[in-house]
Amino acid sequence: MVDRFARSGILSTVGAMVAMSVVAGVLVAAAVTPAIAVADSAATSGISVFDNLPDYITVGAESQQNEIFAVKDGKPVQIATTYDQNRQEVGWSDISTYLKDAAVDGEDRRFYSHGGVDIPSVVRAAIFNTTESQNGVSGSSTLDMQLVKNILVQQALQLSDASARKAAYAAAISDTFSRKLKEMKLAIGLDQKYSKKQILAAYLNITGFGGNTYGVEAASEEYFSTTADKLTVAQAASLIATVQQPNLQNLGSTKNYAANKVRRDEILADMYAAKDITKAQYDTASATPIASEVKFTAPTSGCLYASDAQFACDYVQRLVPTLASLGSTATERTQNWAHGGYKIYTSIDLTQQDVAQTALSADAPANETRFALGAAADAVQPGTGRILVMAQNKVFDDSATGDPVTTTAVNYSTDKAYGGSSGFQTGSTYKIFTLTDWLQKGHGLNDVVNGSVRTFQQSSFNASECSAPFAGTYTPQNDSPGEGGSMTVLQATANSVNAAFVGMAQQLDMCDIRNDAQAMGVHRADGSPLVVSPSSVLGINEIAPLTMAGAIATIGDGGMYCAPTIVDSITDPNGKTLPGQAKSCTQSIDPTIAATDAYALASVMTSGTGTPGNPRDGVPIVGKTGTTDGAYQNWLIASTTKAALAVWVGNIQGTASLRSTKDPQGDQNLRNITIAGTNGYNTKFNIFRVTMKSLDTNPDYRGGTFPSPDPTLLEGSGVTVPSVVGEQPSEAESVLEGLGFTATDGGTVASGLPVGEVASTDPAAGTSAALGSEITYYTSDGTLAKAMPNVVGQSKHNAIAMLVADGFSSSNITITWTTGTVLSVCTVTASNPVSGAATSTDSPVTLTVSDGGATSGTDPGTCT
């Protein structure tokens, strides 16, 4: 091989060009007028075509593999290889000498001595084609010319316009005289511009070896499960035997073995004739059966073959048109990615990913057949938005041949544009946005609100800037039967009381609630605008789990929203490190609001609806549960200061309730059914608890203490509810509305007050309630009216017995003591109300009892 490079070429570049001009004229004459003299115009035209061709073509990097990485123990780990063409470019020293010799000896034995075009071969081919009445010019192609053809083919395939691509490809492979002329001139320029080593290495890296496999490295791995520098003589000859007719002689099918062996043995003979192998090597190689050499390894391109985090891999590929480091436009980025050679490093932590995946597989089995059970877990890092986990219960398969029950190509975690999912209704997790707006408007967590189920007039909700007026009525139900009454906002949040939050929204602006959601990155997965309506407070919008993870992470980082990102960095084909997805963070909520949000949401995880999902590992956590109407979808989203996690479990399709008494077939109790050992409603807790606990064990993700809430936002701008008991309804309404409350007639209640007078309010007098809150007053029906019995002179014991027998409650009877004589000990000396006075059996009664003079007006301890 070294001696060949030392030889001078038979033709210098100038000599090659002169000879080529002569040959061009001969070829034109031969191709246009076989065996007859050529018309001057035809010859002139052919030479003109030749003269107008470019002088050279550039050998560039060819389409090759891309690699996608995740992180494990702080180090990058490759999880997937993707490519349009299965190619791995290798250098001269990484290619077997046998392979180089086989290419030269078998395809172009004068490669090291010609100037890009082998004139004797061209003339011989021209004469053959003329005598055989061929229309084109076949044969005579040097390795330089084959390289030119392959470059033109690859350039054609990279064109974005389909019609232009088709035309360029047809021109590159057409068996015509003009195409041959073009190859010849470009080959001469190629030989002038590059060394023989560069040309041969480029040829071996670009040429096709059947199917979608290009270049000797990928072919060596696919057909022999080895690398290009370790090929045997027989293997090297078999690979070069493929290039003559790749689709008929490649080693991907046993039916091609016979044809490959014929060509292989011819190449081995050429190698022996050129003294590049010994007689013993030739004999051994030619006697080697093809089947004994082939160790086929199927190509594993794409996320289907990813070793881990397959849906995250697919998400990365779908993001390619948006990655600015890949090009200035979406089209350019897609083309560059298709050309390959890039390495993308993601933020996925494989340790945490695998924990989540194991939990999902165990608690939401992919093979569930009673209904279309889906589940996803997505973790993001507050303050950066880096996606740490993207997992779901179904197995990734985009082949269209996967098991329809256990596999899917739809990514439940992401928006429709990046995975095909339209999202899922979020249920009460959406309440965090009403809570945020409540605090932003100056209301407090200790403000008292009405949690009772009731019918709302939708026209009373304000959304003038983003929606037409609402019409009709809305009667939201609470999750637990009998739940309701007056409660603080803190209690309503911990227990996720629907009616309370709808009532809160009634005092706010629905557009502001929507704006708060959007500020925390919330949008519908299908790309349409967020629905704004009274029912939207309870989570009717379909949203992706990844989006909700980003929203709760905002609370985790003091109101700083960071858009979720998965690409940390990119390495280009030249080894240059490029930026990944840009970090995009905005202080979307005032830190004091976020801290007070966190205070309320902590109660959800410590004493409220989210308690079963709390890892209880000492790390403070805040969160919110969500269950849709009918319990079709079930959520838990929560965050520490260092990691946020959203877990969704529900119906991919259909409306099977996760807490109904019957499944869709009507014969299973889903609440007690064994879905991996638990009922459907609790599945989210099991997945969440295990995954978050694992995140907390990593020092990088272990959260700390949340900031203290704003004291003024605990109390808010509430007003003390006044006492209007005994007032007429019109007077009560005037007082309440004058203070900024909304007064509502709750009907009559049993009372001893005169009929029609206000007997009580809800919230009760003395309670702090937010301005605009609904205060319900109840009027007396008079049924408890009573005249006070005469119990003076009776013993304490008998007096109480008389009152209870007359309908009074013993719990409303109070005893006071007075000094008396020995003869009056334990005797009632007075009562309030006095005997015969109008009162009611639910009113308090005070009895004054004599101590007999022994204890100076205190209980003598002898009275029963």
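The values are calculated or read from the model by the stated rules, or taken from the named source; none is laboratory data. This one's a predicted model, so the numbers in the text were calculated from it and none came from an experiment. Don't worry about glycine lacking a Cβ; one is built from the backbone with ideal geometry, like all the others, and counts go over all protein chains shown. In case anyone asks, the SASA skips ligands and DNA or RNA and just uses the protein heavy atoms, side chains included. Shrake-Rupley method; radii C 1.70, N 1.55, O 1.52, S 1.80 Å.
With 18 Å as the cut-off, how large is the P(r) tail for the stretch 470-576, expressed as percent of Cα-Cα pairs?
Tail of the P(r) past 18 Å holds 62 percent of the pairs.
How large a share of the accessible area of the stretch 262-323, in percent, is made up of carbon and sulfur atoms when the probe is 1.4 Å and the other protein chains stay in place?
55 percent
Given +1 on the Cβ of Lys and Arg, -1 on the Cβ of Asp and Glu, and no further charges, what dipole in debye does the chain carry about its Cα centre, rounded to the nearest 20?
That gives the chain a dipole magnitude of about 2660 debye.
Tell me, what is the per residue accessible area of the stretch 783-826 in Å², probe radius 1.4 Å?
With the other protein chains kept in place, the stretch 783-826 gives 57 Å² per residue.
Counting only heavy atoms of the protein chains, get the accessible area per residue of the stretch 214-259 (1.4 Å probe) and round it to a whole Å² value.
Ligands and nucleic acids excluded, the figure is 35 Å² per residue.
Leaving out ligands, DNA and RNA but keeping every protein chain, what accessible area does LYS343 have, in Å² rounded to the nearest 10, with a 1.4 Å probe?
Its accessible surface works out to 80 Å², give or take rounding.
Starting from the residue with the highest accessible area, list TYR272, TYR315 in decreasing order, probe 1.4 Å.
Highest to lowest solvent-accessible surface, that is TYR272, TYR315.
Under 8 Å for C-alpha pairs, at least 6 residues apart: give me the relative contact order for the chain, rounded to a whole percent.
10 percent
Could you tell me what percent of the accessible area of the stretch 552-643 is made up of carbon and sulfur, with a 1.4 Å probe and every protein chain present?
51 percent
Counting pairs of Cα atoms in the stretch 708-864, how many percent are more than 27 Å apart?
Across the stretch 708-864, Cα pairs with separations above 27 Å total 45 percent.
Counting only other residues whose beta carbon sits under 14 Å from that of ASP94, what net charge do I get with K and R as +1, D and E as -1?
Net local charge, ASP94 excluded: 0.
Leaving out ligands, DNA and RNA but keeping every protein chain, what accessible area does CYS466 have, in Å² rounded to the nearest 10, with a 1.4 Å probe?
About 40 Å², rounded to the nearest 10.
For the stretch 309-348, would you read off the P(r) tail past 17 Å as a percentage of all alpha carbon pairs?
Here the tail beyond 17 Å accounts for 26 percent of pairs.
Quick one: accessible surface of SER480, probe radius 1.4 Å, all protein chains present, in square angstrom to the nearest 10.
Here the residue's solvent-accessible area equals roughly 50 Å².
Along each of the three principal axes of the Cα atoms of the chain, give the extent in whole Å, ordering the values from largest to smallest.
For the chain, the Cα spread along each principal axis is 152, 56, 48 Å.
Once the other residues with Cβ under 14 Å from the Cβ of ASP73 are scored (Lys, Arg +1; Asp, Glu -1), what is the net sum?
Summing Lys/Arg as +1 and Asp/Glu as -1 gives -2.
Testing the spin-label approximation: label points 7 Å from Cα along Cα→Cβ at LYS275 and GLN245. State their distance in nm.
Taking the two extended label points, one gets 3.4 nm.
Tally Lys and Arg at +1 and Asp and Glu at -1 over the other residues with C-beta under 12 Å from the C-beta of PRO620: what net charge comes out?
Local net charge: +1.
Using a Förster radius of 56 Å, what is the FRET efficiency between GLN78 and THR475 based on their Cβ-Cβ separation? Nearest 0.05, please.
So the FRET efficiency works out to roughly 0.50.
Accessible area, 1.4 Å probe, largest first: how do MET605, MET560 sort?
Accessible-area ranking of MET605, MET560, largest first: MET560, MET605.
Of ASN798, SER301, GLY383, whose Cα points farthest to the positive end of the dipole of the chain (charges on the beta-carbon: +1 Lys, Arg; -1 Asp, Glu; origin at the Cα centre)?
Final value for the positive-end residue is SER301.
Take ARG702, ARG124, ARG659 and sort them by solvent-accessible surface of the protein heavy atoms, 1.4 Å probe, largest at the top.
Ranked from most to least accessible, the order is ARG124, ARG702, ARG659.
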